[in-house]
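Please find one structure pasted underneath; my questions will follow.
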Amino acid sequence: MRAVDIRGGTNRADVPASAFAMPAGMKMRYDLPAPELRHTVTGYAIYAAEPHPPLFNWFLPAPPMICVLLDAGAVSVKVRKHAFGPLAAVSLYGPTSCAFRAETTGGVQIGIGLSALGWVKLLPHAANLYKDHVIALADVVGDAVAADMLTRLSELDDETMIAPTVDDLLAPLFERQAPHEEIIRQFTQLMLLDGVIEIADVAERLGLSATAIRRIATHAFGMPPKFLLRRARFLRSFIAMSRSGEPMSYGAIDSSYFDASHFLRDANTFLGTTPRRFMAGETTFLKASLRARAATLGPATHALHS
């Protein structure tokens, strides 16, 4: 199996090449999906690295993702106490409640971000069943779909064809109508608002009971609504802090945090440490992806996608 040669870049003409700068031997590409898929697919992330000894990298908690490995060495993932790997060539990452660590050895990885709406249109299964887990995509969509995805992507020799090829592969998979699509869209938007953290506030805005919101959120997003609001609030604040330079400024955190210690308790929940210590660790790919994703797709991280 050969892998497409990744030079790095995007299908957006207005993004400078500097957004995709990586250390020697590593390259990265971010592409937008077709307009008709942007409610269900949050973007395409392509990472390429020359063969290397096992390398660890941390990533932020995120919604689900399909990952395709092309001519890649073994990949393993650890989420909390759960260890997965070597992963299948086409894998499905469930929604993650905390930062997770990946171990790679080189090759090409294509990440296909799924929104909560994408999840419910693609799969009948509740997302919470796959929280903090990674499985073979074939286990939930069937061998034929996963095999076709791997075959068609393996045949490419032009990186600019990755996005349109994945668009073609995914479009038929999102045709089913799913329950509560408009509520899922609205809740996705509410998670992005500064200060929105109370379920009573969300219930009033959506015109639903807290019980109904909990049921829909757990099924579509994989977690209870209060936890999702906390995760989004923390990530908004973390991204803002990471852009503030050194020393990191707590003035950038969400207005609903009482003080810095309140924010740091969330940091321990979602990162397992302080933001400064986390970013000083094994985050080469993460730092590069925050910059490239923000330049290409808008939000710097998958969990804050509109």
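When you count, for each residue, the other Cβ atoms within 10 Å and take the mean per peptide, how do 39-46, 23-30, 167-174 rank with the highest first?
The packing order, highest mean first, is 39-46, 23-30, 167-174.
Pull out the extension gain between residue 157 and residue 287, defined as 0.36 nm times the separation in residues minus the alpha carbon to alpha carbon distance; nm, one decimal.
44.0 nm
Give me the percent relative contact order of the chain, please, defined on Cα pairs under 8 angstrom at least 6 residues apart.
Relative contact order of the chain: 21 percent.
Show me, bin by bin at 5 Å from 0, the whole-percent P(r) of region 181-279 based on Cα pairs.
2, 13, 24, 22, 15, 13, 8, 3, 0
Going from the alpha-carbon gyration tensor of the chain, what semi-axes, largest first and in whole Å, does one get by taking the root of 5 times each eigenvalue?
29, 24, 18
Now for a different question. Among 255, 70, 242, whose Cα projects farthest towards the positive end of the dipole of the chain, with charges put on the beta-carbon of Lys, Arg (+1) and Asp, Glu (-1)?
Result: 255, furthest along the dipole toward the positive end.
Take each uninterrupted DSSP H stretch in the chain, measure its Cα extent along the helix axis, and return the ones at 20 Å or beyond whose mean Kyte-Doolittle hydropathy is at least 0.0.
Helices meeting the criterion: 225-242.
Ranked from highest to lowest mean number of other Cβ atoms within 10 Å per residue, what is the order of the peptides 219-227, 72-80?
219-227, 72-80
Using the crude model of +1 on Lys and Arg Cβ and -1 on Asp and Glu Cβ, and no other charge, please compute the dipole size for the chain relative to its Cα centre, in debye to 20.
1020 debye
Shifting gears a bit: Expressed as a rounded percentage, what relative contact order does region 235-306 have, with Cα pairs under 8 Å and six or more residues apart?
Relative contact order, region 235-306: 22 percent.
Put one equal scatterer on each alpha carbon of region 17-177, apply the Debye formula with no solvent term, and list log10 I(q)/I(0) at q = 0.13, 0.16, 0.17 1/Å to two decimals.
The computed values of log10 I(q)/I(0) come out as -0.59, -0.93, -1.06.
To the nearest 20 debye, what is the magnitude of the charge dipole of region 1-141 about its Cα centre, counting +1 on the Cβ of each Lys and Arg and -1 on the Cβ of each Asp and Glu?
260 debye
Read the figures in this text as sums done on the coordinates, not as results from a lab. Here the structure is a predicted model, which is why all the values come from computation and not from measurement. Because the Cβ atoms are built from the backbone with ideal geometry, glycine has one as well, and the counts that use them run over all protein chains shown.
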